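Only one structure is covered here, and it is reproduced in the block below.
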Amino acid sequence: MIQMFHVYKAYANAPPCLSDVTLQIEKGEFVFVTGPSGAGKTTLLKLIFCAERPTDGQVLVEGRNLSRIKSSAIPFLRRNIGVVFQDFKLLTHRTVAENVAFTLHVLGVSKVECEERVRKMLKRVGLAHKADCLPQRLSGGEQQRVVIARALVNEPTILLADEPTGNLDPELTVEIMDLLCGVNVRGTTVVVATHDASLLARYRKRTIRLDGGFVAFDRNELKERVWMAAG
Amino acid sequence: MRALAKTAYFWKSAVQGVQRTPLIHLLAVITIAIVLLAAGLVRSSVQLLDSLTETIGGDVELTVYLKEGATESDAADVARTLESRTRGSAVVVSPQAALARLRAELRGVGDVLTDLPSNPLPYSVQLRVAPGFRTTDALRSLAAEAKAMPEIQDADYGEEAVARLAAIARAVRYAGLVGFTVIGLATVFIVAATLQLAIYARRDEIEIQKLVGATDRFVKAPFLVEGALQGLVGAALALAALWAFSASVGPRLQLLFAFVLRPGTELSPNPSVAWELLLAGCALGLSGSFVAVGRLLRT
């Protein structure tokens with residue numbers, strides 16, 4: 001689903017953000033990308049949804065080589081990738097339902113179908129009763145759930161979340177992470193960038209640790225345990 | 001279905017955009033309205049001048065002088081030929097009538113003509129040309145054609161007067177065109193600058209649109225609709241101002257130029273001018289928003 005081969009990313013007059021990153025994420029996987037601030041987590045996610053291009057190396061998403069993708073093809077790639085940010089990026093003058101419907105307008109979905117899909121998606125994230133509220137009137141956790149609803153309403157195959165719980169208290173963090181796990185159970189590939197060690201300990205998913213732009217380790221504790229038990 | 005849903009979204013988004021930054025849009029609308037009002041006034045002036053040219057041009061006659069010894073029937077033949085060639089009206093002037101007219105024109109000194117042993121003037125034909133021939137080029141070629149006829153010695157028309165009138169009309173038209181182009185370009189940049197403020201106010205929205213897979217065309221479309229709406233509203237305002245102007249000043253102008261204006265000459269903007277202004281407004285608004293949103297997407 002997502003493949004990176006010897007990927008480098010550097011900005012002018014600065015040391016590389018990513019160096020020789022090679023990894024593979026399978027369809028339906030849940031992966032944490034972790035590491036200290038400045039390790040290259042956000043850059044790695046940006047390479048996947050084509051907000052940045054690699055300086056060197058190859059990035060493949062669903063078989064498409066993003067190093068060679070035309071600018072005009074990027075929007076169509078992004079329609080298969082949902083993105084969730086730490087700072088929500090919600091439109092404050094639009095209601096919750098309008099924020100979620102925003103993704104569907106881009107696809108040209110009819111008004112009736114749009115309303116139906118938004119209603120279902122808000123129900124799924126537990127915000128059906130807040131459809132007509134403005135985002136400022138919601139809690140941080142609720143706002144992040146709106147963002148997740150917006151990212152998922154067009155049923156993308158990949159969900160990228162950059163520090164989705166960075167602004168939330170522990171209770172709301174669990175709420176959002178459970179929601180992301182539920183999304184993964186339904187078959188969506190989920191990649192979460194976080195520096196929160198407690199999350200890694202609690203959820204025990206595949207973890208890719210970046211340090212200074214390099215992959216420090218790529219470990220799937222749960223799988224290892226299964227193999228050990230089997231073998 | 002998708003195209004319909006997208007179109008509906010573009011219109012809704014454009015209207016919301018106007019509602020969110022009304023002052024910025026008002027500024028652009030007023031700029032367009034002022035430019036189109038000026039263009040409309042120039043257009044009306046050209047129309048007035050055209051009317052004057054046609055009225056004065058209506059008096060332009062081609063006079064052909066027959067060779068010495070030509071008879072009245074020769075003159076009548078020439079008159080018929082010229083009439084059928086130009087769909088105008090020709091009058092045969094006999095040498096006696098021509099002499100009498102000359103005597104009258106010379107007034108005090110006209111009496112000297114009575115001492116002439118014989119009338120030196122030939123038969124002539126005065127042709128009042130149809131509107132299609134009231135241009136310098138048409139009159140020149142008609143005169144050359146007439147001169148080539150065997151019975152004709154010379155042909156004369158008020159070449160200088162016609163050329164001068166046509167030159168004035170052409171100069172006003174070109175000046176208007178150049179003026180409109182220069183001011184139009186300036187307006188495009190003013191509208192672009194104002195729209196850029198409106199676009200800047202919606203940069204978050206654009207960022208999210210791009211994030212969820214909107215193409216550049218999708219991002220641009222609502223702004224182009226906004227630009228076109230601004231242009232149309234600006235043109236409507238300019239038209240209203242032009243109508244008000246013609247209603248208040250028009251009757252006085254018509255009185256002032258009553259002796260030269262063709263009957264039925266309208267000084268208020270006619271439907272073709274209205275369409276021209278609406279199209280020009282639309283083009284100005286669209287161009288402004290195209291420049292503004294193009295700049296945004298490049299950055």
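The values are calculated or read from the model by the stated rules, or taken from the named source; none is laboratory data. Predicted, not measured: the structure shown is a model, and the values here were computed from it. Cβ sites come from the backbone with ideal geometry, for glycine too, and all protein chains shown count toward neighbours. Quick note on the areas: whole protein, heavy atoms, side chains included, nothing else; ligands and nucleic acids left out. Shrake-Rupley method; radii C 1.70, N 1.55, O 1.52, S 1.80 Å.
Here are some notes:
- Answer residue from the range B:194-230, given it is outside any helix (DSSP H, G or I) and among the hydrophobic types (A, V, I, L, M, F, W, C) and is least open to solvent (accessible area, probe 1.4 Å) among those: B:214
- Scan of the range A:26-40 for residues that are in a loop (DSSP other than H, G, I, E, B) and crowded, with 20+ Cβ neighbours inside 10 Å, ordered by number: A:35, A:39, A:40
- Selection of the range B:189-205 for residues being in contact (Cβ under 8 Å) with a residue 24 or more places away in the chain and within 11 Å of another protein chain (Cβ to nearest Cβ) yields B:201, B:202.
- Test: residue in the range A:175-186 that is surrounded by fewer than 19 Cβ atoms within 10 Å (Cβ to Cβ), touching a strand residue (DSSP E or B) at 6+ places or on another chain (Cβ under 8 Å) and more than 12 Å from residue A:29 (Cα to Cα): no
- In the range A:41-57, the qualifying residues are those that are open to solvent by 40 Å² or more (accessible area, probe 1.4 Å) and outside any loop (DSSP other than H, G, I, E, B), and the one that is farthest from the other protein chains (Cβ to nearest Cβ) is A:56.
- Candidates A:60, A:77, A:23: the one that is of a type in the set (A, V, I, L, M), at pLDDT 90 or above, open to solvent by less than 10 Å² (accessible area, probe 1.4 Å) and outside any loop (DSSP other than H, G, I, E, B) is A:77.
- Selection within the range A:3-20 - open to solvent by less than 70 Å² (accessible area, probe 1.4 Å) and of a type outside the set (A, V, I, L, M, F, W, C): A:3, A:9, A:16, A:19, A:20
- Residue B:253 in a helix (DSSP H, G or I), modelled with pLDDT under 80 and within 21 Å of the chain's Cα centre (by Cα): yes
- Within the range B:129-166, the set of residues being open to solvent by less than 60 Å² (accessible area, probe 1.4 Å) and at pLDDT below 80 comprises B:129, B:130, B:133, B:136, B:138, B:139, B:157, B:158, B:162, B:163, B:165, B:166.
- Looking across the range B:15-33 at every residue that is hydrophobic (A, V, I, L, M, F, W, C) and either within 13 Å of chain A (Cβ to nearest Cβ) or open to solvent by 20 Å² or more (accessible area, probe 1.4 Å) (or both), the one that is nearest to residue A:108 (Cα to Cα) is identified as B:15.
- Test for residue A:166: is it surrounded by fewer than 22 Cβ atoms within 10 Å (Cβ to Cβ) and free of Cβ contacts under 8 Å to residues at least 12 places away in the same chain: no
- Consider the range A:86-99 and keep the residues that are more than 11 Å from residue A:149 (Cβ to Cβ) and within 9 Å of chain B (Cβ to nearest Cβ). The one that is surrounded by the fewest Cβ atoms within 10 Å (Cβ to Cβ) is A:92.
- Among residues of the range A:61-75 that are within 12 Å of chain B (Cβ to nearest Cβ), none has a beta-carbon under 7 Å from a residue that is open to solvent by 80 Å² or more (accessible area, probe 1.4 Å) at least six positions away or on a different chain.
- All positions within the range A:100-132 that are open to solvent by less than 70 Å² (accessible area, probe 1.4 Å) and either more than 13 Å from chain B (Cβ to nearest Cβ) or touching a Pro at 6+ places or on another chain (Cβ under 7 Å) (or both): A:118, A:121, A:122, A:125, A:126, A:127, A:128, A:130, A:131
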